[in-house]
Every structure is written in structure tokens, then in C-alpha cells.
Amino acid sequence: MLRITIHEDDKVCRLGLAGRLEGPWVAETEKAWRASLRPDRKLEVDLRQLTGVDDAGRDLLAAIHRAGACLIVEGVWLMALIGELDSEQLCGDSVLQPSGRPKPRFTKQESSK
């Protein structure tokens, strides 16, 4: 199961993917992506709620990334997945954007002895 949300304005279109990008949901995501493309508008794809991806989904994400979309990710596995897609383009024309949430700080607690 996958939920695809589309938020649009004149300058940016953001596709949000929540769930598993696999099977028939890959084609639905591709349709939503292609319908959202406009030369005068930036495209962002929010992957923070993605929970799984099959090979076809990975290929689609690679195509979306190569086309210049800004991928919004959070977490180790999504960073690794995006790194596998097309490492030569990670810092190229498109942007890999972390979620923007503050990172947790870990402090070492001293014992009270």
C-alpha cells in the first residue's frame, strides 16, 4: 500500500510518498510524477514516510532523481538508498535534501559516584 499526496503552487510541486513503493504502486507514482512536471516549477519528492522499495521502485526513484527532482529524506536507510541510486548525481544538478528536523543530541551522563 502506498499513499501519494500532491501539494502544488506556482513555484513548487511536492509529491509525498508514504508506505511501500512496490508492485502496482510504482506505475501510479510514475503517473503522478509525470503529471506534475512543468518546466517553470521545481519538483520535490518527500520520501520520509517511505517504508520499503522494490527494484522497480528503486529504478523509478533513480529516474526521478536524474530528472532533477529534490528528494527529501530522513534516516539511515533512505540516505543509503538514495546513495545507491546514482552516486555520481547526488551533488550534481539535483539536490538531496535532509528533512530539516533538528538532529538529536546525545550527551554523556556522568555517574554520581
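The values are calculated or read from the model by the stated rules, or taken from the named source; none is laboratory data. Remember, predicted model here, so these are calculated numbers, not experimental data. Cβ: placed from backbone, ideal geometry, glycine included. Neighbour counts: every protein chain shown. To get the accessible areas, we keep the full protein, side chains included, count just its heavy atoms, and leave off ligands, DNA and RNA. Shrake-Rupley method; radii C 1.70, N 1.55, O 1.52, S 1.80 Å.
In this structure, residue 84 does not satisfy being over 26 Å from residue 1 (Cβ atoms), in a helix (DSSP H, G or I), modelled with pLDDT under 80 and open to solvent by 60 Å² or more (accessible area, probe 1.4 Å). Filtered by the rule that a residue be part of a helix (DSSP H, G or I) and touching a residue at least 40 places away in the same chain (Cβ under 8 Å), segment 39-75 gives a lone residue, 61. Here segment 53-62 is the region considered, the condition is being under 12 Å from the mean Cα position of the chain (by Cα) and open to solvent by less than 50 Å² (accessible area, probe 1.4 Å), and the residue that is farthest from residue 1 (Cα to Cα) is 62. Scan segment 9-42 for residues that are surrounded by 13 or more Cβ atoms within 10 Å (Cβ to Cβ), of a type in the set (Asp, Glu) and more than 19 Å from residue 55 (Cα to Cα) and jot them down. Residues satisfying the conditions do not exist here.
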